[in-house]
Amino acid sequence: MPNRLPPLTALRAFDAAARHMSFQEAAAELNVTPAALSFQIKSLEQHLGTPVFHRLNRAVELTEAGRALAPGVKDGFETLTTAWRAARRLLDNRTLTVTAGPGFTAKWLAPRLYDFARAYPDIDLRFVASLRMMDFTRDEVDVAIRFGYGDDVGLYSLPLRREWVTPVMIPELARQFPTPESLREAPILFDESIDFLKPACDWPTWFRAVGMDFEPDHGPRFSQADHAVDAAMAGAGVVLGRRAMVVRALHEGTLVAPYKIALQSQAQFRFLCQKGAEDRPQIKAFRDWVLDELEKTAYVSEALTVIPVEDIPSA
């Protein structure tokens, strides 16, 4: 049996008909007449030497050969489409799609968007706020900013600043609770987005770092860091603020970090893209801008005593 493939148009017609199980709907998708689509499928069947559809009164069904053929044809067209889009994206130096977690997007990226747009007016920046691991080709994403311990094999991975946590609050609360000891009476907020860190960067660990045996267990709990920070900025309580989420508020004075002791995790943010794509003009521009923005608030970290969480005695 010859292995020569049928015409691409015949395979495309079969794929559409197999997905819709309707020649009428497949023809509408491909913008051809039902007769033209039927002709293409008959051509494929002649090429294969056996029918791929049972023609019923008002419907069609795949034959055994059709069922064997359909998944591979569908996957083949998806692969072709993905490759075509990837090749076209290489020619596009104006659009930049960035994915980052919702918290980082809300508290770090979005407030600086105007500054980036002003510095690079020719780049159309698009955000995808998601914690899902993206496929750069399939999802048409150019850059990912991810937080964690990193498993970035095969990617260009640029570590950004180490992440620390320290108690932050509005200035009015800082005056009410001027010392770590006074936090025993303070309203405590919990950011559960970092519960996965090992060793833990949580309230009991921070209190041990300042020489206290205290484990707060009552207070509002938030699954997303930006929501916890928003609550703190509204005066609802004191939260262990993550550097990336609070550094702008500390810079502007809407939040303060009065105790100067911070816990540093081995986890960190990384700037990720496909290997070899890091020097594409819009990706390089965005990377350089991110690094410049980090430098603007570096002094906030310098004002703290940052203790690696591994150095804190366990309970």
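The values are calculated or read from the model by the stated rules, or taken from the named source; none is laboratory data. Remember, predicted model here, so these are calculated numbers, not experimental data. Cβ sites come from the backbone with ideal geometry, for glycine too, and all protein chains shown count toward neighbours.
Tally up the residues in the range 201-223 that are within 31 Å of the chain's Cα centre (by Cα) and under 19 Å from Trp164 (Cβ atoms), please.
Total satisfying the criteria: 7.
Of everything in the range 40-67 that's within 15 Å of His20 (Cβ to Cβ) and over 45 Å from the mean Cα position of the chain (by Cα), which residue is surrounded by the fewest Cβ atoms within 10 Å (Cβ to Cβ)?
This residue is Arg58.
Please go through the range 12-23 and give me each residue that is free of Cβ contacts under 8 Å to residues at least 40 places away in the same chain and touching a Leu at 6+ places or on another chain (Cβ under 9 Å), ordered by number.
At the first step, the residues of the range 12-23 found to be free of Cβ contacts under 8 Å to residues at least 40 places away in the same chain are 13, 16, 20, 22-23.
The answer is Ala13, Ala16, Phe23.
Given the condition out of contact with any Gly (no Cβ under 7 Å at 6 or more places or on another chain) and outside any loop (DSSP other than H, G, I, E, B), answer yes or no: does some residue in the range 218-225 qualify?
Yes; the residues of the range 218-225 include at least one that is out of contact with any Gly (no Cβ under 7 Å at 6 or more places or on another chain) and outside any loop (DSSP other than H, G, I, E, B).
Being surrounded by 13 or more Cβ atoms within 10 Å (Cβ to Cβ), under 24 Å from Phe147 (Cα atoms) and of a type in the set (Phe, Trp, Tyr) is the filter here, so list the residues in the range 176-206 that pass it.
Phe190, Trp203, Trp206
Got a number for residues in the range 193-210 being at pLDDT below 95 and out of contact with any helix residue (DSSP H, G or I) (no Cβ under 8 Å at 6 or more places or on another chain)?
So the count comes out to 3.
Could you look through the range 37-92, keep only residues that are polar (S, T, N, Q) and assigned to a helix (DSSP H, G or I), and pick out the one that is farthest from Ile283 (Cα to Cα)?
Initial filter on the range 37-92 (polar (S, T, N, Q)): 38, 40, 43, 46, 50, 57, 63, 79, 81-82.
Remaining after also requiring assigned to a helix (DSSP H, G or I): 38, 40, 43, 46, 79, 81-82.
Working: Ser38: 46, Gln40: 43, Ser43: 46, Gln46: 49, Thr79: 25, Thr81: 23, Thr82: 20 Å.
Per the criteria, the residue is Gln46.
Please list, ordered by first then second residue, the pairs with beta carbon atoms under 8 Å, 6 or more apart or interchain, first in the range 215-239 and surrounded by fewer than 17 Cβ atoms within 10 Å (Cβ to Cβ), second among the charged types (D, E, K, R).
Arg221/Glu192; Ser223/Glu192; Gly235/Glu172
Looking for something surrounded by 15 or more Cβ atoms within 10 Å (Cβ to Cβ), farther than 30 Å from Met21 by Cα and aliphatic (A, V, I, L, M) - is there at least one such residue anywhere in the range 73-96?
Yes: one or more hits.
Kindly indicate whether any position in the range 77-85 is at pLDDT below 95 and touching a Pro at 6+ places or on another chain (Cβ under 6 Å).
For the range 77-85, residues at pLDDT below 95 and touching a Pro at 6+ places or on another chain (Cβ under 6 Å): absent.
Checking the structure you have, find out if any residue of the range 155-168 is under 19 Å from Pro102 (Cα atoms) and of a type in the set (Val, Ile, Thr).
yes
Can you pull out every residue in the range 277-315 that is of a type in the set (Gly, Ala, Ser) and more than 20 Å from the chain's Cα centre (by Cα)? If you could, list the steps in order and put the result at the bottom.
The first filter runs over the range 277-315 and keeps only residues of a type in the set (Gly, Ala, Ser), leaving 277, 285, 298, 301, 303, 314-315.
Passing the criteria: Ala298, Ser301, Ala303, Ser314, Ala315.
Quick check on the range 286-303: of everything there that is modelled with pLDDT under 95 and of a type in the set (A, V, I, L, M), which residue is surrounded by the most Cβ atoms within 10 Å (Cβ to Cβ)?
It comes out as Val300.
Out of Gly76, Gly101, report the one residue that is touching a Leu at 6+ places or on another chain (Cβ under 8 Å) and more than 30 Å from His47 (Cα to Cα). Talk me through it step by step, then tell me what you get.
Numbers: Gly76 fails: more than 30 Å from His47 (Cα to Cα).
Exactly one of Gly76, Gly101 is touching a Leu at 6+ places or on another chain (Cβ under 8 Å) and more than 30 Å from His47 (Cα to Cα), namely Gly101.
Hey, any hits in the range 290-301 for a residue that's within 21 Å of Asp202 (Cα to Cα) and touching a residue at least 40 places away in the same chain (Cβ under 8 Å)? Give the derivation first.
Residues of the range 290-301 within 21 Å of Asp202 (Cα to Cα): 300-301.
Next, only the ones that are touching a residue at least 40 places away in the same chain (Cβ under 8 Å) stay: 300-301.
Among the residues of the range 290-301, at least one is within 21 Å of Asp202 (Cα to Cα) and touching a residue at least 40 places away in the same chain (Cβ under 8 Å), which makes the answer yes.
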